[in-house]
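Reviewing the structure listed below.
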Amino acid sequence: MAITDEFTAAYAAAAAEATAPELLPVRLARACTLVLPVAGAGISMFGSDGTRIPVGASDDAAAVAERLQFTAAEGPCLDAQALSRSVLATETLIEQRWPDFYSGLVSRTPFRAVAAFPWPSTFKGAGTVDLLFRDSRDLADLDIGRVDTVIALMEQCLVSDSAVGFTLQGAGPVWLEGPAADSRNAVFLAMGMLNVALEVSAPDALALLRGHAFAVNRTVDDIAQDVVNRRIAVHELRVGSNQ
C-alpha cells in the first residue's frame with residue numbers, strides 16, 4: 001500500500017476516536033504513530049514571540065515530553081525551530097546537549113530519543129512535528145523520506161481540514177484553542193499575575209515559574225495551573241527564587 005493510502009486509513013481510524021474540530025492535531029499525531037515506527041508524536045506551533053504552543057499529541061506520555069522540554073527551555077524540538085532544520089537526537093546526544101530536559105525525559109517518560117522536523121511548506125517557520133522513540137536504535141532505522149512524506153500529508157490536513165474552524169474570533173483555526181493549547185495558555189495567565197503582583201517582566205515571570213517547576217520536579221504547565229487557581233500564591237515563587 002502506498003504511504004498516502006496508509007496515512008489516509010490511519011487518519012480515518014484516529015478520527016473515529018477524536019472527532020471534535022479542536023482535536024485535529026491529536027488525530028494527526030495519532031495517525032503519525034500508526035504509519036511511522038515511532039512510540040509517540042507531538043505537534044507544536046510557535047507564537048510571534050517564539051513561545052512554543054502544543055496543539056496535539058498522540059498520547060499523555062508524548063504530551064508530558066513536550067511540557068518537559070518547555071519547562072527546561074531546551075531540547076531538540078526548540079533547536080529544530082531555531083535552526084529551521086530537522087534535529088535527530090539519540091539518548092546520548094540529549095544527555096550531553098540538553099541535560100535538564102534529559103533528566104525529566106528519562107524519569108517521567110518511556111522515551112529515549114527524539115526527532116524534530118519543522119513544517120515544510122504552508123506552516124514553514126511556525127512549528128514542528130516531534131517524533132519520539134523508546135530506543136536510539138529505532139531512530140537510526142528511521143526512513144527520512146517516508147517521514148517527510150507523512151509530515152507533508154499532515155500539513156495538508158491541517159490546512160484543508162481546518163477551514164470549518166476559522167471562525168474563532170477570526171483569529172485562526174479552533175485547534176489553536178484545543179486542550180493542549182489551553183494548558184499552555186495557563187502559563188501566560190500565570191505570567192500576567194506575576195507581572196502585576198511581583199512587578200517583574202514577562203521573561204522574569206516565566207523564569208520564576210520554570211525555576212519553581214524545576215525545584216519541585218513538576219512542569220511549568222502544572223505550576224501555572226496551580227498559580228491561576230490560587231493553589232500556589234504568587235509570592236511563594238518570589239520566596240522560592242531567593243530574590
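The values are calculated or read from the model by the stated rules, or taken from the named source; none is laboratory data. What you see is a predicted model; the values in this text were computed from it and never measured. As a convention, Cβ positions derive from the backbone with ideal geometry for all residues, glycine included, and neighbour counts pool all protein chains shown.
Tabulated results
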| quantity | calculated |
| --- | --- |
| Failed condition for A15, given (1) surrounded by 24 or more Cβ atoms within 10 Å (Cβ to Cβ); (2) modelled with pLDDT under 95 | (1) |
| Residues (assigned to a helix (DSSP H, G or I) and not charged (D, E, K, R)) located in the range 106-117 | V106, S107 |
| Some residue of the range 76-83 being at pLDDT 95 or above, surrounded by 18 or more Cβ atoms within 10 Å (Cβ to Cβ) and at positive phi | no |
| Which numbered condition W119 fails, given (1) farther than 20 Å from L78 by Cβ; (2) free of Cβ contacts under 8 Å to residues at least 40 places away in the same chain; (3) buried (at least 20 other Cβ atoms within 10 Å of the Cβ) | (1) |
| Check on P110, crowded, with 22+ Cβ neighbours inside 10 Å, outside the structural domain of G211 (by TED's automatic domain parsing) and at pLDDT 95 or above | no |
| Spans of helices (runs of 4 or more DSSP H) in the range 170-243 with at least 1 residues among the basic types (K, R) and in contact (Cβ under 8 Å) with a residue 60 or more places away in the chain | 179-198, 202-215 |
| Single unsatisfied condition, V129 versus (1) in the same structural domain as L28 (by TED's automatic domain parsing); (2) surrounded by fewer than 17 Cβ atoms within 10 Å (Cβ to Cβ); (3) outside any loop (DSSP other than H, G, I, E, B) | (2) |
| Residue within the range 84-91 that is at pLDDT 95 or above and among the acidic types (D, E) present | yes |
| Selection count, the range 199-225, where residues are over 25 Å from Y102 (Cβ atoms) and surrounded by 17 or more Cβ atoms within 10 Å (Cβ to Cβ) | 2 |
